[in-house]
Each structure stands twice: as structure tokens, then as C-alpha cells.
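Step one of this worksheet: look at the structure below.
The values are calculated or read from the model by the stated rules, or taken from the named source; none is laboratory data. Since the structure is predicted, the reported quantities are computational estimates derived from the model, not experimental observations. Counting neighbours? That spans all protein chains shown, and the Cβs are built from the backbone with ideal geometry, glycine included.
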Amino acid sequence: MLPTDLLSHRYNGEEIIPKRLAIDPGNRQVAGDAIGLFESSVGMTQGELDGKLLEFEGDSPDYRVKRGLAHILKSKFCTIEIVSPLDPPALRQRVFTLAAASIPSPQRTPAVLERVADELSRQSSREVSIDSVRRGLYADLQENRILTQFETPEPDAVLHRYNLSQVQGIFYRASHITINAHRNVPGQYKLLFRYLKLFGLMAYIEGDADFGFTITIDGPTSLFKPSTRYGLAIAKLLPALLHVTKWSLKATLQNRDSYTGKWKQGQFGLNSDCGLVTHYPPGKPYDSMLEQSFAKRWEALKSEWVLEREVDLIPIPGTVMIPDFRLVHPDGRDFLLEIVGYWRPE
């Protein structure tokens with residue numbers, strides 16, 4: 001997601017409208033240029049990469065768009081690591097201790113580095129160069145870390161992420177959200193409820209799979225004072241909601257007035273026709289290794305009871321239960337099976 005300073009939105013009356021980029025040749029070109037910049041920077045330091053990104057922004061009026069695309073590429077598709085023959089603090093201690101044994105002199109520096117490189121080569125059974133020791137001394141500084149890997153995405157994927165992040169940014173200030181999901185297949189509901197649990201969101205769920213569900217999500221401190229701390233978790237839920245075919249939501253936003261400093265409420269709405277594209281996976285066959293192991297062991301039993309994975313949702317007051325399995329016998333008998341890791345009253 002994008003940091004607050006890279007979010008762009010405008011107001012139409014009381015309605016807030018986040019900025020979204022059209023998936024057109026012009027924006028594809030900008031995204032492609034950003035991708036090419038990262039591809040050409042593999043093996044360089046983060047300082048060198050940041051310098052190229054500043055040149056990429058230039059004095060263009062749309063620098064925030066370019067900076068936002070670069071932020072997404074750096075945070076989601078890059079691997080930036082500390083590259084050093086030894087942990088940098090330990091390497092510095094070794095080099096400085098050896099250098100302190102003689103009178104400080106620029107002429108002594110190559111000899112000290114060469115000796116340390118030889119010692120590290122013998123200890124690791126691989127050749128360590130003087131240059132790698134010199135670079136490794138301060139490799140833990142942010143600007144000296146190395147871009148070691150870049151997973152090249154398609155320009156459209158980056159643009160979709162940018163648009164999604166702009167909308168997610170609206171929810172940073174959300175304290176309350178109501179989702180109406182209806183006329184969907186059970187698997188989509190299940191995936192949504194699992195993400196609710198994953199992000200630790202407090203939700204009250206009403207309805208059933210036939211007529212749909214109303215999900216009310218509230219922040220834990222909303223009863224006592226305005227707070228935006230819960231908004232980040234709500235924002236993370238949006239890509240999961242995009243897996244659901246038919247839905248709509250209304251969010252209550254907490255905005256601080258720039259003049260009075262007081263909190264005031266705003267509203268934001270969104271529905272399944274928003275055109276956003278999710279990058280979350282559609283879900284795994286099993287929620288845990290325990291369930292997967294159980295299914296494999298059951299299959300090995302060659303039992304006449306059939307173990308089914310996709311089970312109907314069971315509404316219970318205030319929430320929904322999603323059993324792990326259903327056991328079905330050829331004579332028509334069936335049982336629901338839920339695996340729990342520990343005993344609980346529920």
C-alpha cells in the first residue's frame with residue numbers, strides 16, 4: 001500500500017474520490033519505464049537506485065504518480081539485502097581492531113583489508129576479495145544495501161496495484177464499515193471470512209449463503225474516541241473483498257479538521273462494479289497443514305465415507321461457522337467435521 005503522502009484524492013461535495021490511473025498506452029509507458037529502471041539496477045546499491053529514481057521523476061508535474069509506482073515496485077517486487085562477507089558490525093570490529101595495532105596510515109589500509117580478506121577466506125573456505133571487505137564494512141547502511149533480485153511484473157499489474165492502493169488509502173481513516181455481500185457462491189464467502197480472521201478484524205455477521213451476508217466491522221476504540229489505527233487492517237481486507245462477485249460497502253471515515261484540529265466524520269462507498277483488480281491469491285485448498293495431513297490420511301484409509309472439502313456455511317448468532325470437512329456415506333448419512341487446535345467452550 002502507498003504511504004499517506006503519496007495518496008491523491010479530490011472531493012465532490014461530501015464524496016471523496018481517490019485518483020486512479022487509466023489503463024492506457026500513456027500510463028503503460030510510464031509504468032514500463034519504471035520497470036525498466038529497476039531491471040537495470042539489479043546489483044546496484046539502494047543509494048544508486050534512489051538516485052536513478054530522482055532522475056526518473058525529474059521536474060514532471062506528475063512526480064507523485066511516478067513516485068507511487070516506484071514505491072510499489074520497490075516494496076512488492078524487489079529484494080534488497082545486506083551483502084557482506086561478515087555481519088557488518090563484526091566486520092568493522094575486526095578491521096578496526098587490526099588497524100589499531102599499528103600507527104594509522106592510509107598506506108596501511110590495503111594491507112589491513114587484505115589480511116582480513118585472507119582470514120575470512122580461510123574460515124569460509126571460499127575466496128573473499130579486498131573489495132568485498134571494503135564494501136561490506138558499511139553494507140548495513142540503508143543506502144549501501146544491494147538490489148539483489150527484481151521480479152519483473154507487467155505494466156498493467158503495476159497500474160492495477162497503484163489504483164487499488166489509492167482506494168485502500170481511503171480506508172486508513174475508516175473506523176466503521178458495513179459490507180453487503182449477496183448472490184455469491186459459498187467459496188467466495190468463505191475466502192472473505194478467512195481474511196477477516198487473518199487480519200484480526202472485529203466483525204458482526206448476519207445472514208446466510210442463500211440470501212447473502214451483512215458484515216459490520218468496527219474498530220476496538222471507536223466507542224471511546226476517534227482512531228485511525230484500525231483503518232490499516234480494514235484497508236488490507238479490500239483486495240480479499242474483490243474475490244467476491246456481488247457486494248457493496250459503506251465506510252465511516254475519521255478526518256481531522258486542519259483548522260480546528262477536531263475530528264469529523266465522512267462517508268465513502270464502493271461496490272463490485274468498481275473495476276479494481278486484486279493481487280491476493282484466490283485461496284488455498286487447505287487452511288492449514290493439519291487439515292491437509294488429515295485429508296491425505298483419510299484418503300489412505302480407503303473408507304466408504306467420502307471426505308468433502310467444500311462445506312456450506314453455518315450461520316450462528318453474530319458470526320458464521322465454516323466447517324473444515326463433511327463426511328458423506330453412500331446411504332445418505334452425513335456429518336460435519338471441524339478440526340480445532342485446542343479445546344474451547346464454543
So, in segment 284-334, how many residues would count as being modelled with pLDDT under 85 and either on the phi > 0 side of the Ramachandran plot or aromatic (F, W, Y) (or both)? 2
Of the residues that make up segment 50-59, is at least one surrounded by fewer than 15 Cβ atoms within 10 Å (Cβ to Cβ) and farther than 28 Å from V83 by Cβ? yes
Inter-residue pairs, beta-carbon under 8 Å, first closer than 24 Å to L237 by Cβ and in segment 1-29, second among the hydroxyl-bearing types (S, T, Y) and surrounded by fewer than 14 Cβ atoms within 10 Å (Cβ to Cβ), 6+ apart: I17/Y11
Inside segment 200-214, the number of residues satisfying the requirement of being part of a loop (DSSP other than H, G, I, E, B) and either surrounded by fewer than 17 Cβ atoms within 10 Å (Cβ to Cβ) or among the hydroxyl-bearing types (S, T, Y) (or both) is 4
Go through V65, V116 for me and flag whichever is touching a helix residue (DSSP H, G or I) at 6+ places or on another chain (Cβ under 6 Å) and modelled with pLDDT of 90 or more. V116
Kindly indicate whether L98 is touching a residue at least 24 places away in the same chain (Cβ under 8 Å) and not assigned by TED's automatic domain parsing to the domain that holds G43. no
Checking R134 against (1) free of Cβ contacts under 8 Å to residues at least 12 places away in the same chain; (2) surrounded by 13 or more Cβ atoms within 10 Å (Cβ to Cβ); (3) not hydrophobic (A, V, I, L, M, F, W, C), only one condition comes out false. Which one? (1)
Can you list residue pairs whose Cβ atoms sit under 9 Å apart, with the first residue in segment 244-266 being farther than 18 Å from I177 by Cα and the second being in a strand (DSSP E or B) and modelled with pLDDT under 90? Count only pairs 6 or more apart in sequence or on different chains. R256/W263; R256/K264; D257/W263; D257/K264; K262/R256
Among the residues of segment 203-228, what is the count of those that are at pLDDT 80 or above and either aromatic (F, W, Y) or farther than 24 Å from I16 by Cβ (or both)? 8
Quick one: count up the residues across segment 165-178 that are surrounded by fewer than 24 Cβ atoms within 10 Å (Cβ to Cβ) and under 16 Å from E206 (Cβ atoms). 2
Six or more apart or on different chains, Cβ atoms under 9 Å: show the pairs whose first residue is in segment 46-75 and not assigned by TED's automatic domain parsing to the domain that holds R20 and whose second is modelled with pLDDT under 95. none
Taking segment 10-23 and keeping residues out of contact with any helix residue (DSSP H, G or I) (no Cβ under 7 Å at 6 or more places or on another chain) and under 19 Å from R67 (Cβ atoms) leaves R10, A22
Please determine, by comparing only the residues of segment 10-22 that are over 22 Å from the mean Cα position of the chain (by Cα) and surrounded by 12 or more Cβ atoms within 10 Å (Cβ to Cβ), which one is modelled with the highest pLDDT. I17
Only one of R67, R115, R108, R134 is within 30 Å of L2 (Cα to Cα) and not in a loop (DSSP other than H, G, I, E, B), namely R67
Taking the stated definitions as given, is S75 hydroxyl-bearing (S, T, Y), under 30 Å from Y162 (Cα atoms) and surrounded by 18 or more Cβ atoms within 10 Å (Cβ to Cβ)? no
